[in-house]
Each structure stands twice: as C-alpha cells, then as structure tokens.
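Chemist: What follows is a structure written as structure tokens; I'll ask about it next.
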Amino acid sequence: MLEIHTENSVEDETIQNDDDALYCSACGHFITRVRWRISRRGDHEHTVFNQAGLLFRIACYADAPGITIAGQPSDEFTWFPGYDWTISCCANCSRHMGWKFTGEDVFFGLIASNLKAPLN
C-alpha cells in the first residue's frame, strides 16, 4: 500500500524528530541533542571552575555538531584527567559554549546556561 504524506505531516515529523534539540541561547543555532547526554566522572552535569576562578555548570554530551573549536588542545587544569580540552564556540555567533575533551574518546562539556530548548 502506498503511503501518502501531506506537507503538514512532513512538518509534524520534522518537529517531532527535533524535539530534543538544544540551541545556543544567544542566537538560536543548533548545538546538540538531549539524547546525546553522557556521564563522565559519575555524572552528566558538573560544577567546575577554571584557572581564573570562574564557576561553570557544564553538561556532558557525546556530540555537538553546532560548535566550532577555537585554539589548541591543552591538558593544563583539566577537569577530566586523561583528557585535553579545547575551547568550543557556537559555529554561528562564536559565543563560548564550553569545551571539547579529547582522550580515550571525545566528548563535549557544554555550559548549561548557554543552551536552550526550543519554545513550544
């Protein structure tokens, strides 16, 4: 039997498939998905501070295709032993979104307050 899709059903399907998307809170650019959440050091979210004493609440994700990398990897003051970090920014507006961590695998520690879910 042939299944017919109307324009509205395709739009509904697209919205349903994107319902776990997370966006840059500054410009609305797609960053990652809720389903890509992972746990590192026993948890998905961590409260950390950098060398300058700035406090961040970060959430860990397996992928973040909406970011771009700035600078070179560093192992100095890493929050995840065995992982180097690189600053990650929104690929659209360049807002600092968090860090890419590379070691035995790759993951992203994203600043939770810089992510937003779509408004429904």
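Chemist: Going by what's in this entry, would ALA117 be described as within 14 Å of TYR23 (Cα to Cα), of a type in the set (A, V, I, L, M, F, W, C) and at pLDDT below 95? Give the derivation first.
Modeler: Working: within 14 Å of TYR23 (Cα to Cα): yes; of a type in the set (A, V, I, L, M, F, W, C): yes; at pLDDT below 95: yes.
For ALA117, the condition - within 14 Å of TYR23 (Cα to Cα), of a type in the set (A, V, I, L, M, F, W, C) and at pLDDT below 95 - is met.
Chemist: Taking into account only those residues within segment 70-84 that are assigned to a loop (DSSP other than H, G, I, E, B) and either in contact with a strand residue (DSSP E or B) (Cβ under 8 Å, 6 or more places away or on another chain) or among the β-branched types (Val, Ile, Thr) (or both), which is surrounded by the most Cβ atoms within 10 Å (Cβ to Cβ)?
Modeler: Start the filter on segment 70-84 by keeping residues that are assigned to a loop (DSSP other than H, G, I, E, B), which leaves 75-83.
Still in the running and either in contact with a strand residue (DSSP E or B) (Cβ under 8 Å, 6 or more places away or on another chain) or among the β-branched types (Val, Ile, Thr) (or both): 75, 78-80, 83.
On the way: ASP75: 12, THR78: 15, TRP79: 17, PHE80: 17, TYR83: 20.
That would be TYR83.
Chemist: Considering ILE67, ILE87, which residue is of a type outside the set (D, E, K, R), in contact with a Phe, Trp or Tyr (Cβ under 8 Å, 6 or more places away or on another chain), surrounded by fewer than 18 Cβ atoms within 10 Å (Cβ to Cβ) and within 22 Å of ALA26 (Cβ to Cβ)? Working first, answer last.
Modeler: Details: ILE67 fails: surrounded by fewer than 18 Cβ atoms within 10 Å (Cβ to Cβ).
Every option except ILE87 fails the conditions.
Chemist: Taking segment 38-64 as the search range and keeping residues that are outside any loop (DSSP other than H, G, I, E, B) and among the β-branched types (Val, Ile, Thr), which one is nearest to PHE101 (Cα to Cα)?
Modeler: At the first step, the residues of segment 38-64 found to be outside any loop (DSSP other than H, G, I, E, B) are 40, 43, 45-49, 55-61.
Then drop every residue that is not among the β-branched types (Val, Ile, Thr), which leaves 47-48, 58.
Working: THR47: 16, VAL48: 14, ILE58: 12 Å.
The selected residue is ILE58.
Chemist: State whether one or more residues within segment 68-79 are among the hydrophobic types (A, V, I, L, M, F, W, C), in contact with a helix residue (DSSP H, G or I) (Cβ under 6 Å, 6 or more places away or on another chain) and modelled with pLDDT of 95 or more. Reasoning before the result, please.
Modeler: First, pick out the residues of segment 68-79 that are among the hydrophobic types (A, V, I, L, M, F, W, C): 69-70, 77, 79.
Restricting the remaining residues to those that are in contact with a helix residue (DSSP H, G or I) (Cβ under 6 Å, 6 or more places away or on another chain) gives none.
Within segment 68-79, none of the residues are among the hydrophobic types (A, V, I, L, M, F, W, C), in contact with a helix residue (DSSP H, G or I) (Cβ under 6 Å, 6 or more places away or on another chain) and modelled with pLDDT of 95 or more.
The values are calculated or read from the model by the stated rules, or taken from the named source; none is laboratory data. Just so you know, these numbers come straight off a predicted model, no measurement behind them. So basically every Cβ, Gly included, is an ideal-geometry build from the backbone, and we count neighbours across all protein chains shown.
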